[in-house]
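Written out below as structure tokens is the structure these notes cover.
The values are calculated or read from the model by the stated rules, or taken from the named source; none is laboratory data. Predicted model only: the values in this text are computed from it and were never measured. Here the Cβ positions follow ideal geometry from the backbone for every residue, glycine too, while neighbour counts run over all protein chains shown. Note: accessible area is taken over every heavy atom of the protein model, side chains too, but ligands, DNA and RNA are not part of it. Shrake-Rupley method; radii C 1.70, N 1.55, O 1.52, S 1.80 Å.
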Amino acid sequence: LRIALDKATPILLRSTGKLPNDVEEEVCRELLNVMGREDAGSMRTFALTVFRIVVLHSQAWEPNASLGRCIGWLQEQLSHDKLVNPAPRSMAWLAVSNAVGTLLKGTSANHTTEVVHGLVDAAIADLTSAEHRSEVRQAACALLYNTTLTLSIGDDDLPDVAVSMICAVLEGIAHESDGTIKLRRMMVAGRIIKPANDFKRGRRPSALSQIL
């Protein structure tokens with residue numbers, strides 16, 4: 001991992017640098033090896049932090065590349081509650097949230113959609129669970145918000161994933177005690193009810209926003 005990071009660090013330190021494919025492949029492969037070790041301990045959180053930075057400097061999300069395999073592994077871990085400790089779990093949410101928000105366009109749509117929908121289901125479960133700490137729930141809600149940025153929402157219908165998200169974020173929102181989570185819940189609902197393109201194009205309010 002140290003050798004791979006030595007190659008990537010000069011690029012990662014530049015705010016606009018993009019990792020060459022071969023360097024990204026090597027770094028992500030080594031990060032996945034570290035994250036997947038049963039005895040990783042605190043190294044898993046470190047690896048997830050580095051992976052989050054790598055995502056921001058990546059050029060694409062390809063399912064068969066190491067970065068795509070990392071995201072798929074994280075989706076499996078989050079969906080089956082295999083990341084129990086709050087620190088790695090919240091960092092995992094932030095990493096996949098960055099991936100959805102920055103890399104979703106221009107990818108292999110079918111496979112990516114399946115992974116994202118799995119992440120949305122797991123994020124809703126974490127958000128609505130009383131067992132998870134605030135930082136985990138905040139990070140899960142960030143994934144939901146970034147997912148709304150990728151949705152194509154028409155005037156009279158919503159994708160199933162959008163329906164699931166808006167029901168989850170609005171249920172019990174009046175009793176939400178964490179101010180950050182409450183704000184993010186409202187932002188998720190707002191992006192679904194009134195997509196950004198409505199403002200940009202001067203479109204009439206969607207049927208859903210008129211009802212609400």
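Data overview
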item	result
Carbon plus sulfur fraction of accessible area for the chain, probe 1.4 Å, in percent	51 percent
Rounded accessible area of Lys7 (nearest 10 Å², 1.4 Å probe)	100 Å²
Relative intensity, log₁₀ I(q)/I(0), of the chain from a Debye sum that treats every alpha carbon as a point, q = 0.11 Å⁻¹	-0.54
Note, ³J(HN,Hα) from phi for the stretch 137-149, Karplus 6.51, -1.76, 1.60, rounded to Hz, x at Gly and Pro	5, 4, 5, 5, 5, 4, 4, 4, 5, 4, 5, 4, 5
Exposure of Trp61 as accessible area (Å², to 10), given a probe of 1.4 Å and all protein chains	0 Å²
Neighbour-limited loop hits for GluC sites (Glu not before Pro), the stretch 80-182 (at most 16 other Cβ within 10 Å; DSSP other than H, G, I, E, B)	Glu131, Glu171
For the chain, accessible area per residue (1.4 Å probe, heavy atoms of protein chains only), Å²	52 Å²
Accessible-area order (highest first, 1.4 angstrom probe) of the listed residues His80, His132	His80, His132
Relative contact order for the chain, counting Cα pairs under 8 Å that sit 6 or more residues apart, in percent	15 percent
Sites matching GluC sites (Glu not before Pro) across the stretch 1-74 that sit in DSSP coil, with at most 10 neighbouring C-beta atoms within 10 Å	Glu38
At 0.890 mPa s and 25 °C, Stokes D of the stretch 1-69 from Kirkwood alpha-carbon radius, µm² per second	204 µm²/s
Arg29 versus Cys167: modelled label distance in nm, points set 7 Å from Cα along the beta carbon direction	4.4 nm
Acute angle (nearest 10 degrees) that the helix 42-56 long axis makes with the longest principal axis of the chain, alpha-carbon atoms	70 degrees
0 to 90° range, to nearest 10: angle between helix 21-35 axis and the chain longest Cα axis	90 degrees
Residue (of Ile192, Leu31, Trp73) at the positive-pole extreme of the chain, dipole from beta-carbon charges	Ile192
